[in-house]
Amino acid sequence: MDHRPGRSQPFPPLSAQEGYRSILAVPMLSREALIGGILVWRKQPQPFDKDVVELLCTLADQSVAAIENARLYQEAHRRLEEVSLIQAVALAGAADLPFDDIVADATLRLSRLWDSRPLGFLFPDEIGMLQLHPSYLGASEARRNTPFRPGEGIAGWALETGKPVVVPDVRQDPRYSQDSPVTRSEMAAPLLVGDHVIGVLNVESARLNAFSADDVRLLTALAGQLAIILDNAQAHRGLADRARQLQDAYGELTEAERLKDEMVRNVAHELRMPLTFVKSYVELMQNESFGQLPAPLREPLTIVSQKTDTVVSLVERIVNMQAVQPQTLTLEPLTLTELLVDATNRWRPRAARLGLKVESDLPDRVPQVAGDRQMLTEALDNLLNNAVKFNSRGGQVKVRLGAEPEFVHIEIADTGVGIPPDKLPRVFERFYQVDGTTRRPFGGAGVGLALVRRIVEAHGGRVWAESAGPGQGSTFHIALPTVTAT
């Protein structure tokens with residue numbers, strides 16, 4: 001038997017082969033480790049020629065190199081599969097693919113790294129129970145329908161502790177749950193994002209001691225990288241679900257708003273006709289068209305006529321509010337000084353009767369705006385009406401007009417009851433009353449300011465209110481874009 005010079009390890013003793021008298025044994029060593037050998041027997045009891053020995057030694061060296069190259073190729077191919085897996089999952093996450101599709105694709109790619117079953121991902125549900133993902137490979141139907149508690153089974157232990165685990169023989173490990181009769185070894189790694197476990201990656205095998213320390217390290221590394229990608233995908237899924245819920249809610253609100261608008265239009269339309277008849281008959285009675293009117297009825301009919309006018313005005317404002325849209329406006333170049341002078345002149349007599357003073361600061365030259373004269377007049381009248389109505393005897397209404405870059409600014413201020421700061425954001429809502437009780441001292445249906453906002457916004461402008469609080473008065477602002485002179 002021949003041992004090559006310079007080799008630190010002799011080839012292991014060989015049993016005698018019947019009928020053979022000479023043996024040549026050449027070890028195959030890789031980094032001083034025995035990985036195989038070449039044996040040659042012959043029946044003649046004589047030494048092997050030196051040329052034969054050298055030939056076999058050369059063959060052994062070449063075989064070792066070939067085996068090492070094959071092993072390196074396998075390792076390189078495996079690393080390529082690992083990188084390809086991470087890259088594929090990362091690209092799927094970046095492409096906003098559905099979370100379940102990303103998990104299913106990752107499971108199939110992992111099955112190429114470990115030719116083992118069962119294999120796949122488990123995720124905790126809403127109550128913390130560990131559920132197999134639908135893409136889990138090799139699981140029975142009963143197992144798919146049976147969730148794990150944290151700490152139950154190897155995967156449950158990984159979920160509860162946040163640590164990877166490898167079990168060479170599941171029959172000898174008390175943590176194992178008898179899920180699969182063919183499973184003999186298992187390894188699991190938690191999907192960790194910071195200190196939070198979002199799931200478990202689990203691999204099982206029908207062979208004892210099927211997984212090496214390298215397999216565990218690889219599984220842990222993959223789980224760490226996959227966790228971040230899957231967590232992002234899961235978060236995106238949550239955002240997408242939330243976006244769908246918000247979209248559905250918005251659709252419901254839009255439909256409710258449409259139905260409310262339709263109802264308001266219908267009610268206003270139905271009120272118009274009977275109000276017209278009531279007003280007409282009251283006027284005929286006041287004019288004594290049906291005969292002489294008894295004196296005791298004159299004052300009550302006057303009150304009925306006034307209240308009828310109030311209701312007719314309210315109905316008209318509701319109709320106008322529903323109808324005002326940018327496309328319904330009749331626009332023309334307007335100078336707001338002219339409109340404000342007309343408006344203040346209309347309201348001064350009524351204000352004087354209530355002991356109020358109306359002052360104005362209206363410059364002669366301000367840029368023009370593109371406006372609908374009738375609609376803007378309606379908006380100004382509503383603001384002046386509020387400034388007078390919510391004021392007190394001896395109070396004041398101040399109207400100002402100024403030009404600022406790209407828009408004209410109107411202010412209508414009063415010294416009246418004021419508005420609580422927390423109510424300011426809502427005063428322009430339809431039918432909203434700062435004091436919504438039945439005992440409120442001021443009338444109204446909460447339509448005027450809503451109509452003002454609808455008119456101003458239809459003109460591309462902005463309206464807002466300011467007040468220091470109850471008893472401190474209020475200031476209403478309108479900003480309308482100017483038109484460039486041609």
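Read-outs throughout are calculated quantities, based only on the coordinates presented, and are distinct from any laboratory measurement. Quick caveat: nothing in here was measured; it's all calculated off a predicted structure. All Cβ positions, even for glycine, are placed from backbone atoms using ideal geometry, and neighbour counts span all protein chains on display.
Worth a mention:
- Peptides 373-384, 100-111 ranked from most to least packed by the mean count of surrounding Cβ atoms within 10 Å: 373-384, 100-111.
- For the peptides 123-135, 234-246, 292-304, the ranking by mean Cβ contacts within 10 Å, running from highest to lowest, is 123-135, 234-246, 292-304.
- The stretch between Leu297 and Glu54, if pulled fully straight at 0.36 nm per residue, gains 73.5 nm over its current Cα-Cα span.
- Net charge over other residues, Cβ less than 13 angstrom from the Cβ of Leu301 (K, R count +1; D, E count -1): -1
- Taking Ile38, Ile154 and counting other C-beta atoms within 10 Å, the order from fewest to most: Ile38, Ile154
- Residue-wise HN-Hα coupling along segment 399-407, computed from phi with Karplus coefficients 6.51, -1.76, 1.60 (Hz; x: Gly, Pro): 10, 10, 9, x, 10, 10, x, 6, 7
- Theoretical gain in end-to-end length, Val483 to Arg353 [0.36 nm per residue, Cα-Cα removed]: 43.0 nm
- Checking the Cα-Cα distances for Lys279/Lys389; Lys279/Lys423; Lys389/Lys423 against a 28 Å cut-off, the pairs over it are Lys279/Lys423.
- Under 14 Å from Lys43, Cα to Cα: aspartates and glutamates that are on another chain or at least 8 residues apart: Glu18
- Distance-filtered residues of segment 109-147 - backbone nitrogen under 16 Å, label point 7 angstrom along Leu91 Cα→Cβ: 109-110
- Fully extended contour minus Cα-Cα distance, from Glu316 to Tyr73, at 0.36 nm per residue: 78.9 nm
- What you get for segment 287-394, charging only the Cβ of Lys and Arg (+1) and of Asp and Glu (-1), is a dipole of about 480 debye around the Cα centre.
- In nm, spacing of pseudo-spin labels at Glu338 and Ala249 (7 Å Cα→C-beta vector): 4.9 nm
- Likely footprinting exposure, Leu226, Leu39, Leu253, Leu362, fewest C-beta neighbours within 10 Å first: Leu253, Leu39, Leu362, Leu226
- Neighbour-count order for Ser116, Ser392, fewest beta carbons within 10 angstrom listed first: Ser392, Ser116
- In this rough spin-label picture, where each label sits 7 Å from Cα along the Cβ direction, the Ser84-Val40 distance is 4.2 nm.
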